[in-house]
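J.: Below you will find the structure I want to go over with you.
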Amino acid sequence: MVRDNYMDNPLLELIEVVKSNYGIVKLIEAPKRLFTIRLITENCRVDEPFYKILENSFTKHANFIQDFITNKSSISNILSSFVNLKRLELRCNNFKSVATWDCLKDLSLPFLQTLKAIKIPFDVLASLIDNTNGYLNEISISYVHNDEFSNKRIIQAIYKNCPNLKYLKLLFRSSNILELENLLTRCQYLDGLFLITDMYLYNDYILFENLFEVLARSSPTNLFKFKIYINKTPKLESLKLFFDNWKGRHPMLLQTIQYNKHWDEPFDLIEKYKVEGIIKKYDHVLNESIFEDFDCNTCITDNALNGLTEICKSIKVLELIEVVKSNYGIVKLIEAPKRLFTIRLITENCRVDEPFYKILENSFTKHANFIQDFITNKSSISNILSSFVNLKRLELRCNNFKSVATWDCLKDLSLPFLQTLKAIKIPFDVLASLIDNTNGYLNEISISYVHNDEFSNKRIIQAIYKNCPNLKYLKLLFRSSNILELENLLTRCQYLDGLFLITDMYLYNDYILFENLFEVLARSSPTNLFKFKIYINKTPKLESLKLFFDNWKGRHPMLLQTIQYNKHWDEPFDLIEKYKVEGIIKKYDHVLNESIFEDFEWIEQKF
């Protein structure tokens, strides 16, 4: 069975069931270039003749395939032909078949950057990692039986072969604490660490004092994002010592995960270290919780509402969808949880029910100090928002361009601790005023689908570089007449890591002058900036691209995406390959729709 029937689509998913059609080779060979393959089997029987045909048919695309996902172990010959493979995802269906993956031990993937594995034996993965050439920057390994030796073997393979490692998810045995320290010392670009305790060996409890001591002492400069899957609760004393030893470093993002068990005990301690600037964000989450994320219509019946109020004592995320007639008793559901951190207030009703919003405003008061994330498409919410004194993330969505004027009520809103702002169809002058009233904590801004003129475009860019010194990610509609303001932004926002520029799709006479844009990006981009997305309405000349890449020499290899609505652009492929070989480009994509990737994701597609 085939998931995709587009002849020119660069992604193909093959799902093998009981009996495969050998004519599938025609579909595989039809595309000009195939970049991603998902080969999924629901059949335990190995059809060797079928796999021989697959192997031969993939030969045409062998130089182009960069992403391969499979749950089939007998694919070493197929994989060995993918000489430029960048991403590999392996999934074992069950623990009984783990031995069949041994055929991958001698596989060499010199350009592999991302490795994701589920239920794959450590010795196989360690051999795979040994046969890479140092490009691996993301490793995610889950659900693996292991002993101390195999656990030690995989950690050693990682720190000996992955000097550029940025993200790591790994099952960790406490007896290998010194090997973990070696990894932290050797992998100096590590940015995020997800440690899992062995859920199958309950006698192997992490010694948190030792772990936290090593993390505080040996974590590289860039590492401040931690997730720890725990099988017993650490003492508050060990947490306190961890935070005390972290002073003077980048504020940490910490998540503890404990299967189906709430852990409210450290809340006051966490709040103390948040105030001191040692912790930026902390969550204790459950592996499975029906009511961790909950949504309902505001017209919910009284009986249902009463039942949910009793059940939903522990919800942390609440989505309210307003339709025609709202149930004012919704206040019971809002006030039921001990603490509410995220609210999504969505309306499908053009009429403003002022009494209902007054009730909402009052009922949110209980959670005002805790709410950190607010999402809405309702403009008349300035009073509600102003009470959320610790709000960290705000997402505003305007339903249509005709109602943009109603958002003016937010111009005087002050959100001093805001870190993330996402806006869809919200006027630039409103957003500029919002940004002016923050206190420099904004590190992520995403603005889409906005009519604008040169002045308002200039106004928003100025607001950003004057008020966002810690900005890390920016998505913004950009007018070419404001190229100097863009350069000011690049100069002032020295922590910028990812930039997504959109040309104005509604003003077709305002074409980006790519020569000027690329010149400014190469000349003025801060040191950390190497991830670019550009939504284009006309195709740049290859000469301007070539000059851009030539001027980028000596900098961090770039991740580049060009987005052109529903239009393929194969012309620069050979040029891109040349600069990949030279180490100037790490990854390039030309996509037909920006929704294929998250706004600030350059590696993994959403689907």
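J.: Go over the candidates Lys586, Lys546, Lys553 one by one and state the one that is modelled with pLDDT of 90 or more and assigned to a helix (DSSP H, G or I).
T.: Answer to the selection: Lys546.
J.: Would a scan of the range 396-404 turn up a residue that is at pLDDT 85 or above and either in the same structural domain as Tyr465 (by TED's automatic domain parsing) or of a type outside the set (Val, Ile, Thr) (or both)?
T.: There is at least one residue in the range 396-404 that is at pLDDT 85 or above and either in the same structural domain as Tyr465 (by TED's automatic domain parsing) or of a type outside the set (Val, Ile, Thr) (or both).
J.: Pull up the range 185-210, narrow it to residues that are modelled with pLDDT under 90 and assigned to a helix (DSSP H, G or I), then point me to the one that is surrounded by the most Cβ atoms within 10 Å (Cβ to Cβ).
T.: Phe208
Matching residues to (1) of a type in the set (Ser, Thr, Tyr); (2) buried (at least 21 other Cβ atoms within 10 Å of the Cβ); (3) farther than 20 Å from Cys92 by Cβ; (4) at pLDDT 90 or above:
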position: Thr132; (1), (2), (3), (4): yes, no, yes, yes
position: Tyr135; (1), (2), (3), (4): yes, no, yes, yes
position: His145; (1), (2), (3), (4): no, no, no, no
position: Glu148; (1), (2), (3), (4): no, no, yes, no
position: Lys160; (1), (2), (3), (4): no, no, yes, yes
position: Leu183; (1), (2), (3), (4): no, yes, yes, yes
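J.: Criterion first (closer than 24 Å to Lys411 by Cα, modelled with pLDDT of 75 or more and not in a loop (DSSP other than H, G, I, E, B)) does Phe364 satisfy it?
T.: When the stated conditions are applied, Phe364 passes them.
Residues checked against (1) aliphatic (A, V, I, L, M); (2) more than 29 Å from the chain's Cα centre (by Cα):
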residue	(1), (2)
Ser76	no, yes
Leu88	yes, no
Lys105	no, yes
Phe111	no, no
Phe122	no, no
Tyr135	no, no
Tyr159	no, no
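J.: Taking Thr491, is it β-branched (Val, Ile, Thr) and crowded, with 17+ Cβ neighbours inside 10 Å?
T.: Spelling it out, it is not the case that Thr491 is β-branched (Val, Ile, Thr) and crowded, with 17+ Cβ neighbours inside 10 Å.
J.: Which ones in the range 515-546 are within 17 Å of Lys586 (Cα to Cα) and over 27 Å from the mean Cα position of the chain (by Cα)?
T.: Leu545, Lys546
J.: Something else: Can Asp510 be described as at pLDDT below 95, of a type in the set (D, E, K, R), more than 23 Å from Lys378 (Cβ to Cβ) and in contact with a helix residue (DSSP H, G or I) (Cβ under 9 Å, 6 or more places away or on another chain)?
T.: yes
J.: State whether one or more residues within the range 60-67 are under 26 Å from Glu179 (Cα atoms), in contact with a strand residue (DSSP E or B) (Cβ under 9 Å, 6 or more places away or on another chain) and either part of a strand (DSSP E or B) or modelled with pLDDT of 85 or more (or both).
T.: Within the range 60-67, not a single residue is under 26 Å from Glu179 (Cα atoms), in contact with a strand residue (DSSP E or B) (Cβ under 9 Å, 6 or more places away or on another chain) and either part of a strand (DSSP E or B) or modelled with pLDDT of 85 or more (or both).
The values are calculated or read from the model by the stated rules, or taken from the named source; none is laboratory data. Since we're looking at a predicted model, the values are computed, not measured. Note that we place each Cβ from the backbone using ideal geometry, even for glycine, and neighbour counts take in every protein chain shown.
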